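Colleague: Would you mind keeping the following structure in view while I ask a few things?
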Amino acid sequence: MTFRLQTVFAFVALLTGVGPDQAQERASDISEPAATLEAEVKLAVRMAKLKPDDHLASRFGQIAVGQKDEFNRIHKATTKDERVDRLARYLSAKAAAKGDVTGTLYVGPSDLGDFHWAYLERDITYSPTRFVDSSATLKVLRLKSIEVPGIRYEFGATGLAIESGQAFVLPRVAGQEYGKVTATFEGAGVHALWTGSTSATTVTVAAPTTSQGGEIHVNSSPPGAEVYFNGRRWHRLTNTKSVHDPGTYEVVIRLAGHREWRTKQAVAAGQSWTIDARLEREK
């Protein structure tokens, strides 16, 4: 069957707990015919100058089923050329993030845990990064959401498990300056957040060491900056770690000669939040 639809139906059945027939019905909810989607993926792979993979289109189809509302919306709002060009841009950024120096660039199905079909709604550029577990204890986490100024992408069950050291890309609307981005991860009872710049070279998270409060790691480049939690100055300079009662915290980072950096986030008990602030010099 074209596009390996049996694989897609099996994925939907596993995702939703329904039988194969119901899974096929849900897969048919996506507006784009399977053969057309497969052709667009192949064109994007060629445009990105990547090594072909027969299973790549199938994985994109699985994500389309899991994100059917977004998938159907972008296919009504965009042209084929726009979709192929934007998909190729994502694939090129992912290959760059992988740092393949063998001469044969390759992106496979297991590399798509950070892909969202809504990326193709607008002109997105991507920063190639690496996902890093600084505590060396998390092993793998699943991407739950990415939030950039004014836009939040929910991955639900479509985000694959991401291992420490795996290639990762951060989206940025073309034409906008590099801004703040927050990524949310979950796995094995662990809830981890990361907030940094869309130009970051790594996305670093850490396993929380307590279940009683929210753990906030504040890093800055350059280090040695003052940290304020909801207006109260922390007694240590960056890079630093602190534990707080569950709640919403505005974190402000200040360093002489640099622009103030601030962000705000709700933190739950047993959750870690890593902040990587790039402090810009005042002009």
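The values are calculated or read from the model by the stated rules, or taken from the named source; none is laboratory data. What you see is a predicted model; the values in this text were computed from it and never measured. Calculation scope for accessible area: heavy atoms of the full protein, side chains included, ligands and nucleic acids excluded. Shrake-Rupley method; radii C 1.70, N 1.55, O 1.52, S 1.80 Å.
Colleague: On the accessible surface of region 122-221, probed at 1.4 Å, how many percent belong to carbon and sulfur atoms?
Modeller: Roughly 49 percent of what the probe reaches on region 122-221 is carbon or sulfur.
Colleague: List the extent of the Cα atoms of region 71-219 along each of their three principal axes, largest first, rounded to whole Å.
Modeller: Result for region 71-219: principal-axis Cα extents of 50, 38, 29 Å.
Colleague: Then there is this: What is the spread of the Cα atoms of region 31-121 along each of their three principal axes, largest first, in whole Å?
Modeller: 38, 23, 21
Colleague: At 1.4 Å probe radius, can you tell me the per residue accessible area of region 163-236 in Å²?
Modeller: Each residue of region 163-236 exposes 44 Å² on average to a 1.4 Å probe.
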